[in-house]
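Participant: Mind looking over this structure? Questions follow.
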DNA sequence: CTTGATGGACAACCAGGTTGTCTACCTAAG
DNA sequence: CTTAGGTAGACAACCTGGTTGTCCATCAAG
């Protein structure tokens, strides 16, 4: 039974998983056992401006409650610090700690290494072509970093029905 | 901040998600609202021989308990039927119902259509090259259909530590 | 000062997984 | 025939990451 459509889908999943799993494993090996890709992802979002639970939730297409939970574990593990916003009594400002920055840095190095390894395996041209093709296919959805549960655990993914959060 | 490694990873994820989400949506539109890709996946496994909870668990790299839960919902929704095995008093045989077969069929059509749409967008050669490159990169992990939670919900992914199930 | 929107917290609940434990049943070895 | 070991399945407790729903404090605008 040949099923080109499913095969392609699974192939993309396998590719993602291979990279993600290896990345997570390497990250663990280098001292960040308590991190999951969601965490790295959330950290990037926070660092690039999503400095409150609500905002983080928006960026990740997740309810603010879910974002708050993520933040709570991030804070527990010292990747992020929470400080009251002097200018707005409702808000609690988020700040990526040095430990968090180190993890982000490490994560970037690791993934870049993994990509280089792939380049060595199939050649720079093939890989570049793959990226180009994929990029033009996914278009807008490309780097929409709103990967809800998509990066949880060692990696998971959920595409919830665009939470409204009537709260 | 250019991060080639992360970008590639996210690109693969985006590709997978695009296909998976569109597929799930289309499946819902055509009458299978209560299905998630895991279900389609499990159905295939069952249909191709994993006709017991334990075996299904093995195929999906998930505990037999988790498999049993999936089976329970599949049975509830009439995609699968459970019948005692006349030859082995311990086993409960699984059988994909007509409704289940119809869903599998529909799913295949949908995903094939999606692939064709992609082919039309970037050309058959590019897409074939992409598949070829990816296939050679993921190698063994390729069609390892053991995508645990990886397909749950509208799609999620988990890579659990190869459950042993001491039960 | 009231009204409405926003930020955050809390509780209840769900899906999908994992352990751990227990029973029933098959099988092979004495 | 009996017993010991392994396998199938069920049940319960628990975890994670998400979702509602609700409520309060605070800001911003009229």
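The values are calculated or read from the model by the stated rules, or taken from the named source; none is laboratory data. Being a predicted model, the structure only gives us computed values, none of them experimental. Cβ placement follows ideal geometry from the backbone for every residue including glycine, while neighbour counts extend to all protein chains displayed.
Participant: Any chance region B:94-117 includes a residue that's modelled with pLDDT of 95 or more, part of a strand (DSSP E or B) and within 9 Å of DNA strand D (Cβ to nearest atom)?
Facilitator: So far as region B:94-117 goes, yes, one or more of its residues are modelled with pLDDT of 95 or more, part of a strand (DSSP E or B) and within 9 Å of DNA strand D (Cβ to nearest atom).
Participant: Which ones in region A:1-35 are over 21 Å from residue B:60 (Cβ atoms) and part of a loop (DSSP other than H, G, I, E, B)?
Facilitator: The answer is A:2, A:30, A:31, A:32, A:33, A:34, A:35.
Participant: Continuing with the same structure: For residues in region B:142-156 being facing chain A (nearest Cβ under 7 Å) and not in a loop (DSSP other than H, G, I, E, B), which is modelled with the lowest pLDDT?
Facilitator: Within region B:142-156, the match that is modelled with the lowest pLDDT is B:149.
Participant: Here's something else I'd like to know. If you go through region B:51-70 one residue at a time, do you hit one that is touching a strand residue (DSSP E or B) at 6+ places or on another chain (Cβ under 7 Å), buried (at least 21 other Cβ atoms within 10 Å of the Cβ) and in a strand (DSSP E or B)?
Facilitator: Among the residues of region B:51-70, not one is touching a strand residue (DSSP E or B) at 6+ places or on another chain (Cβ under 7 Å), buried (at least 21 other Cβ atoms within 10 Å of the Cβ) and in a strand (DSSP E or B), which makes the answer no.
Participant: Let me ask another. Take residue B:159 and tell me if it is within 7 Å of chain A (Cβ to nearest Cβ), within 21 Å of the chain's Cα centre (by Cα), modelled with pLDDT under 90 and more than 14 Å from residue A:7 (Cβ to Cβ).
Facilitator: yes
Participant: Hey, does region B:130-141 have a residue that's at pLDDT 90 or above and more than 7 Å from chain A (Cβ to nearest Cβ)?
Facilitator: Within region B:130-141, one or more residues are at pLDDT 90 or above and more than 7 Å from chain A (Cβ to nearest Cβ).
Participant: Hey, residue A:83 hits all of (1) modelled with pLDDT of 95 or more; (2) more than 12 Å from DNA strand D (Cβ to nearest atom); (3) buried (at least 16 other Cβ atoms within 10 Å of the Cβ) but one; which does it fall short on?
Facilitator: (3)
Participant: Within region B:35-49, can you find the residues that are surrounded by fewer than 20 Cβ atoms within 10 Å (Cβ to Cβ) and in contact with a strand residue (DSSP E or B) (Cβ under 8 Å, 6 or more places away or on another chain)?
Facilitator: B:47
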